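Input: a single structure, listed below in structure tokens.
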Ligand SMILES: [Zn+2]
Ligand SMILES: [Zn+2]
């Protein structure tokens with residue numbers, strides 16, 4: 001029976017720090033390479049490589065691909081990060097929203113003009129005020145100052 005290291009190296013092209021080591025073996029159904037480790041458990045190839053060749057991954061952290069290549073298992077292209085940072089760095093809706101500096105109408109998301117909705121997304125105060133004004137106008141509430 002071959003060791004985890006032998007299995008790993010039989011499925012990887014590469015060896016130097018600069019280039020991506022592309023995993024040629026199976027993936028775990030998501031998109032990361034995986035193989036059966038010494039204990040018979042499925043291990044993720046990039047996590048195994050990091051722990052075998054660099055350092056232990058701190059508990060609770062996931063590995064972020066700095067090269068943005070999910071099939072790369074070069075541990076020098078990986079960095080342990082919290083799940084939150086990983087999501088922010090990925091090409092997700094969350095990341096695009098967090099990276100926005102202005103609302104759809106072009107108002108700045110600065111501290112004076114921004115508030116958080118109950119679900120945590122940022123809201124534009126200027127747009128909220130404009131919506132309220134339109135609402136009052138269409139419902140003819142502007143003439144009733146006590147309605148606030
Ligand atoms: Zn890489
Ligand atoms: Zn706005």
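Put in order of Cβ neighbour count within 10 Å, fewest first, the listed residues 116, 47 become 116, 47.
By how many degrees, 0 to 90 and rounded to 10, does the Cα axis of helix 125-138 deviate from the longest principal axis of the chain? With both axes taken from Cα atoms, the answer is about 40 degrees.
Per residue of the chain, the DSSP helices (runs of n ≥ 4 H) give a summed -39500 (n - 2.57) that works out to -8500 deg cm²/dmol at 222 nm.
Its residue count N fixes a reference of 2.2 N^0.38 Å for the chain, and the Cα radius of gyration divided by that reference is 1.67. Of the residues 51, 104, the one with the fewest other Cβ atoms within 10 Å heads the list, and the complete ranking is 104, 51. Put in order of Cβ neighbour count within 10 Å, fewest first, the listed residues 35, 109 become 109, 35.
Between residue 127 and residue 66, the FRET efficiency from the beta-carbon distance, with R0 = 25 Å, is close to 0.10.
No lab work stands behind these numbers, since they all come straight from the coordinates. Just so it is clear, the structure is predicted and the values come from calculations on it, not from any experiment. Note that each Cβ is placed from the backbone with ideal geometry, even for glycine, and that neighbours are counted across all protein chains shown.
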